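If you scroll down you'll find the structure; I have some questions about it.
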Amino acid sequence: MIPIEKNREYTACITAMSSDGNGIARIDGYTVFVPQTVKGDTVRFLAVKTKSSYGYGKLIEIISPSADRCRPVCPSFGVCGGCQLMHMTYRAQLAFKEDMVKNHLLRIGGFSDVNIEPIIGMEEPYYYRNKMSFPAGQDDGHLISGFYAPHSHRVIPTAHCLLGSDEMMKIVGAVWEYARKIGVCAYDETNHTGCIRRIFVREGYRTEEIMAVVSANSADVRESHVLIDCIRAASERVSSIIWNVNTEKTNPGLGQRNITLWGKDYIEDQLCGVRYRISPNSFFQVNPAQTERLYQKAICFAGLTGCETVMDLYCGIGTISLACARYAKRVIGVETVKQAVEDARCNAVENKIDNAVFYDGSAERIVPQLIADGESPDVVILDPPRKGSDEITLGAIAQAQPKKIVYVSCDSATLSRDLRYLRERGYQIENAALFDMFPQTVHVETVVSLSK
Ligand code: SAH
């Protein structure tokens with residue numbers, strides 16, 4: 001029996017938080033998720049969904065606020081899907097992330113006794129992103145761009161975002177100025193019509209260079225000189241203007257083809273004393289200040305003495321590989337995005353690093369091959385995307401028996417699953433550290449070292 005009825009109001013205490021940042025109330029043992037509430041709140045909510053094992057409530061009133069609650073500084077909080085924790089004090093956000101990782105390690109991995117170092121937060125947990133990607137939309141004939149609403153592709157117009165910089169917003173304004181002048185419309189994903197799909201801006205943390213990418217449903221750039229003039233007038237720091245072609249119905253991200261309209265095909269930045277070039281489709285960590293701390297920790301956990309062969313899997317543009325090359329004998333990077341591997345190779349040359357090689361292909365294809373060909377890494381560092389690694393790659397790593405494995409993860413649930421697999425193959429967790437790379441959101445970066 002479900003103890004709540006749809007469309008009726010209830011009063012309850014929020015006693016826990018879900019990993020996607022919703023408060024949880026329990027009514028006669030039945031779980032109700034109430035978005036925008038905080039553990040410790042007493043609230044009135046409207047039951048909007050009642051499934052057999054859980055329900056959803058819509059917050060109506062906060063009867064008594066939690067000590068962890070604060071006023072969200074962004075007026076779009078709750079409407080825009082970008083941030084989930086802005087209604088929590090920063091201290092409470094950090095504690096939430098520590099709890100979430102411990103919970104995943106215990107429930108998914110079966111690890112109850114991991115010694116996790118206190119989470120490293122930011123002094124100023126705003127304006128930290130070096131990249132923003134704004135989907136475009138059309139509202140009542142007006143062009144808009146901003147962020148998607150939670151769990152939807154409805155664009156919420158955004159004039160200012162507390163996670164990015166004002167310079168990025170100027171680029172967005174410049175693209176719309178161009179669109180208005182030329183009469184170019186936003187892409188409509190329902191009918192697969194229209195032109196501009198997304199405005200993507202990347203900013204160098206140390207170099208301050210800016211790359212402006214306009215992703216569109218066509219390779220035909222109408223009056224490109226107008227677009228170039230608008231963007232260059234918006235910011236003197238722009239060093240690369242790219243037209244990205246994405247004609248695929250199902251891909252909301254960037255397409256594979258880039259046309260450089262003005263300036264360089266990439267921008268450059270510097271992390272941990274290494275200079276990197278970054279192409280539009282290459283992955284680069286979004287919070288550079290925290291990334292340096294994270295990489296230093298990963299290198300420290302790797303315990304390099306200068307004699308080791310290191311494999312850096314899911315290496316992107318070679319950031320971790322090149323940052324640790326000076327402490328190792330050899331580094332082998334593996335990455336599936338071709339453009340990123342090209343960047344990694346150039347980055348090695350530009351930085352005069354000659355003990356790093358990069359393989360272009362998926363880890364699950366390349367790693368078993370390398371091991372079969374006799375490569376025997378002393379240390380394996382892996383930093384997969386959110387879905388984690390896979391049994392083929394992890395099996396090949398375990399078979400090679402490296403002294404140390406350092407796992408860098410942006411999803412503690414898939415991390416816990418993969419650590420469990422490695423434990424079954426004889427690896428024990430040695431150290432774990434957490435970094436808040438994404439303040440105001442539910443995401444957290446974890447670094448774990450394992451040894452045989
Ligand atoms: N270590 C890098 C990149 C981490 S992000 C950094 O810190 O910058 C994860 C990377 O894994 C991305 O570059 C993505 O393109 C790559 N990737 C995704 N699936 C992959 C796979 N199956 N094999 C190899 N690389 C993959």
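Aromatic (Phe, Trp, Tyr) and either within 26 Å of the chain's Cα centre (by Cα) or open to solvent by 50 Å² or more (accessible area, probe 1.4 Å) (or both): does that describe Tyr421? So that I can check it myself, show each step before the final result.
On the way: aromatic (Phe, Trp, Tyr): yes; either within 26 Å of the chain's Cα centre (by Cα) or open to solvent by 50 Å² or more (accessible area, probe 1.4 Å) (or both): yes.
It is true that Tyr421 is aromatic (Phe, Trp, Tyr) and either within 26 Å of the chain's Cα centre (by Cα) or open to solvent by 50 Å² or more (accessible area, probe 1.4 Å) (or both).
Okay, residues lined up against (1) assigned to a helix (DSSP H, G or I); (2) more than 22 Å from the chain's Cα centre (by Cα); (3) not hydroxyl-bearing (Ser, Thr, Tyr):
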position	(1), (2), (3)
Cys83	no, no, yes
Met86	no, no, yes
Met100	yes, no, yes
Phe111	no, yes, yes
Met122	no, no, yes
Pro125	no, no, yes
Tyr128	no, no, no
Ser145	no, no, no
Pro150	no, no, yes
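Regarding region 396-410, can at least one residue be identified that is farther than 14 Å from Leu450 by Cα and either at pLDDT below 95 or part of a loop (DSSP other than H, G, I, E, B) (or both)?
Among the residues of region 396-410, at least one is farther than 14 Å from Leu450 by Cα and either at pLDDT below 95 or part of a loop (DSSP other than H, G, I, E, B) (or both), which makes the answer yes.
Is it the case that Ala302 is under 29 Å from Gln401 (Cβ atoms) and within 10 Å of the ligand (Cβ to nearest atom)?
Values: under 29 Å from Gln401 (Cβ atoms): yes; within 10 Å of the ligand (Cβ to nearest atom): no.
So Ala302 does not fit the description; no.
Another question, then. Could you grab me the full set of residues in region 286-303 that are outside any helix (DSSP H, G or I) and surrounded by 20 or more Cβ atoms within 10 Å (Cβ to Cβ)? Explain how you work it out, then say what you get.
Of region 286-303, the ones outside any helix (DSSP H, G or I) are 286-287, 303.
Within region 286-303, just Asn287 meets the criteria.
Output the residues belonging to region 152-169 that are part of a loop (DSSP other than H, G, I, E, B) and not basic (Lys, Arg). Explain how you work it out, then say what you get.
We begin by selecting, within region 152-169, every residue part of a loop (DSSP other than H, G, I, E, B); these are 152-154, 158-165.
Those that are part of a loop (DSSP other than H, G, I, E, B) and not basic (Lys, Arg): Ser152, His153, Thr158, Ala159, His160, Cys161, Leu162, Leu163, Gly164, Ser165.
Taking the residues in region 196-222 that are outside any strand (DSSP E or B) and within 21 Å of Gly137 (Cα to Cα) as candidates, determine which candidate is nearest to the chain's Cα centre (by Cα).
Taking region 196-222 and keeping what is outside any strand (DSSP E or B), we get 204-209, 217-222.
Then keep just the ones that are within 21 Å of Gly137 (Cα to Cα); that gives 217-222.
Numbers: Asn217: 25, Ser218: 27, Ala219: 28, Asp220: 31, Val221: 30, Arg222: 33 Å.
Selected residue: Asn217.
Turning to a different aspect of this structure: Just to check your reading of the model, which residue among Asn217, Asn244 is free of Cβ contacts under 8 Å to residues at least 60 places away in the same chain and either within 13 Å of the ligand (Cβ to nearest atom) or touching a Pro at 6+ places or on another chain (Cβ under 8 Å) (or both)?
Values: Asn217 fails: either within 13 Å of the ligand (Cβ to nearest atom) or touching a Pro at 6+ places or on another chain (Cβ under 8 Å) (or both).
Selected residue: Asn244, the only one of Asn217, Asn244 that is free of Cβ contacts under 8 Å to residues at least 60 places away in the same chain and either within 13 Å of the ligand (Cβ to nearest atom) or touching a Pro at 6+ places or on another chain (Cβ under 8 Å) (or both).
Same structure, new question: Could you please give the count of residues in region 1-43 that are assigned to a strand (DSSP E or B), out of contact with any Pro (no Cβ under 8 Å at 6 or more places or on another chain) and either without any contact (Cβ under 8 Å) to a residue 40 or more places away in the chain or more than 19 Å from His104 (Cβ to Cβ) (or both)? If you could, list the steps in order and put the result at the bottom.
Applying the first criterion (assigned to a strand (DSSP E or B)) to region 1-43 yields 9-17, 23-27, 30-34, 42-43.
Okay, now just the ones that are also out of contact with any Pro (no Cβ under 8 Å at 6 or more places or on another chain), so 9-17, 24-26, 31-34, 42-43.
Imposing the further condition that a residue be either without any contact (Cβ under 8 Å) to a residue 40 or more places away in the chain or more than 19 Å from His104 (Cβ to Cβ) (or both) reduces the set to 9-16, 24-26, 31-34, 42-43.
Final tally of qualifying residues: 17.
What are the residues in region 248-267 that are open to solvent by less than 50 Å² (accessible area, probe 1.4 Å), among the polar types (S, T, N, Q) and at pLDDT below 95, if any?
Once the filter is applied, which keeps residues that are open to solvent by less than 50 Å² (accessible area, probe 1.4 Å), among the polar types (S, T, N, Q) and at pLDDT below 95, region 248-267 yields only Asn251.
Condition test on Val349, is it among the hydrophobic types (A, V, I, L, M, F, W, C), open to solvent by 10 Å² or more (accessible area, probe 1.4 Å), away from the ligand (no atom under 16 Å from the Cβ) and not in a loop (DSSP other than H, G, I, E, B)?
On the way: among the hydrophobic types (A, V, I, L, M, F, W, C): yes; open to solvent by 10 Å² or more (accessible area, probe 1.4 Å): yes; away from the ligand (no atom under 16 Å from the Cβ): yes; not in a loop (DSSP other than H, G, I, E, B): yes.
So Val349 fits the description; yes.
Here is a follow-up. Anything in region 363-394 that is touching a strand residue (DSSP E or B) at 6+ places or on another chain (Cβ under 8 Å) and either at positive phi or within 9 Å of the ligand (Cβ to nearest atom) (or both)? List them, or say none. Lay out the reasoning, then the answer.
Taking region 363-394 and keeping what is touching a strand residue (DSSP E or B) at 6+ places or on another chain (Cβ under 8 Å), we get 363, 366-367, 370, 375-384, 388-389, 393.
Matches in region 363-394: Ala363, Ile366, Val367, Ile381, Leu382, Asp383, Pro384, Gly388, Ser389, Thr393.
Checking Cys70 against (1) open to solvent by 40 Å² or more (accessible area, probe 1.4 Å); (2) closer than 30 Å to Ile2 by Cα; (3) touching a Ser or Thr at 6+ places or on another chain (Cβ under 8 Å): exactly one of these is not met. Which one?
Cys70 satisfies every listed condition except (2).
The values are calculated or read from the model by the stated rules, or taken from the named source; none is laboratory data. Keep in mind the model is a prediction, meaning the values are calculated, not measured. So basically every Cβ, Gly included, is an ideal-geometry build from the backbone, and we count neighbours across all protein chains shown. Please note that ligands, DNA and RNA were not included when accessible areas were found on the heavy atoms of the full protein model with its side chains. Shrake-Rupley method; radii C 1.70, N 1.55, O 1.52, S 1.80 Å.
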